[in-house]
Amino acid sequence: MAFWCQKDSYMQEFDTSVVSCVPAELKLENNGKKEKVKGFKVKLKDTILFPEGGGQPDDHGTIGGVSVLRVMRQGPEAVHFISSALEEGQEVHIKLDWERRFDHMQQHSGQHLITALADAMFGYKTTSWELGRQRSSIELDTATVKPIEMEALEAAVNEKIRAHVPVAVHLLSIDDPAVEKVRSRGLPDDHAGPIRIIDIEGVDANMCCGTHVSNLSHLQVIKILGTEKGKKNKTNLIFLVGNRVLKHAEKSYNIEKSLTSLLKTGADEHVDAVDKLQKTVKRLQKCNLSILREMAVMIAQNFKSKLDRGKFFSLHNKDGDNEFMNIIANEIGFQDTVIFLTVGEEKGAGLFLLAGPENFVTEFGPRVSELLQGKGAGKSGRYQGKANSLAKRAEAEVLLQEHSCNLTAGEE
């Protein structure tokens, strides 16, 4: 079955009726995490919402004013997952998220064009492709691609766009001899109905279920960003089509403008300016580390020089690190002294170290870690780790000081 979205990829609104609606659960991504969502699976008499397939993500839109969360293909049917129930036989109005759809049409048709010309010009076969959220990629069956080849390929695809080459959709029966002449990576196991061919006039004929532009001029422009090493001696070609090129140019210009303001140099000098800054930062970091180490030794020696120093030492330093804390602990010595050290923002995340008599540290290390909402581990009189919050540092310090006094009194 060819859905209406495959017959007319430019239709943005459509009236149809509900064939079935059943309760269901589906795992959906929310802020990078997948979680189970309760809803309903709806089948319609026809649809303009494309179900994912052929490397193309599904469409977004509404059915009867209810947001469609996913559209999936099951054999010859499209299944729409929504949050509210619809009645069987109910007439409904579908509205398509056109901006998302047209973006997918541009990227998908652009992929067909790049794939066809990469093969025709250099013999590089496409083995797979991905329509990403920000950029798309084509996996080419070659270990390397020369920069001069990518320049030639980019020029060729944009020449076809400027030539206003038509793109047509043909539906063929599976036993039609013409099917054997078109490019294909094979049909899915659950395929049913006619074979859909996307024909870029004079350039390419390819089996595909996706939505496409009707003329290459609708792609506007294709920018090949470059190539990356792929898996198993393959190369990934990274590209943008149409509106994504415009958005990328706008984003790049805004970044360039911000860097010009920050670096006080022209765009052509940005790389050199950042390189100089990085080298300066490395020198300063090295100097800072040296100062911190010296400071750690002085802090420890100052404590040891006090006649009334006691058996408990606590310190927080915003700019320290693990080495800073360990130098202090080693210099003071923790066989008979409890040492509690933290570094980082006062009420934010940071690092901690508890050192002292082994039995004491074994007992109180996990308690300190819990107060600091962190994770730690220890052995041989040390317990250290990451703290998600240092807000209760003072509480941990009081706990340790009280019990270290009891420990000292018991030893004496």
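Site pair residue 25 and residue 2 shows an inter-label distance of 4.0 nm when each label is modelled 7 Å from Cα along Cα→Cβ. Here residue 375 and residue 122 are evaluated by their C-beta separation; at R0 = 51 Å the FRET efficiency comes out at 0.45. Rounded to 0.05, the FRET efficiency of the residue 151 and residue 306 pair, given R0 = 45 Å and the Cβ-Cβ distance, is 0.05. Of the Cα atoms belonging to segment 102-250, the radius of gyration and Dmax stand at 15.1, 49 Å. Each 20 Å bin from 0 upward holds the following percent of the Cα-Cα pairs of the chain: 20, 32, 27, 19, 2.
In the structure shown, the pairs 251/276; 251/279; 34/257; 95/234; 311/347 are assessed against 29 Å; a Cα-Cα span above that value is assigned to 34/257; 95/234.
For residue 214 and residue 33, the difference between the fully extended length at 0.36 nm per residue and the C-alpha to C-alpha distance is 61.5 nm.
Across segment 4-96, counting alpha-carbon atoms alone, Rg and Dmax equal 12.6, 36 Å. Per residue, the average separation of C-alpha pairs within less than 8 Å and at least 6 apart gives segment 289-411 a relative contact order of 21 percent. Taken along the Cα-to-beta-carbon direction at a fixed 7 Å, the label points for residue 231 and residue 336 span 6.2 nm. Annotation: Cα Rg of segment 270-393 relative to the compact-globule expectation 2.2 N^0.38 Å equals 1.20.
Each value in this text was obtained by applying a stated rule to the coordinates, not by laboratory testing. What you are looking at is a predicted structure, and each value in this text was computed from that prediction instead of being measured. When we count neighbours, we look across all protein chains shown, and the Cβ atoms used for this are built from the backbone with ideal geometry, even at glycine.
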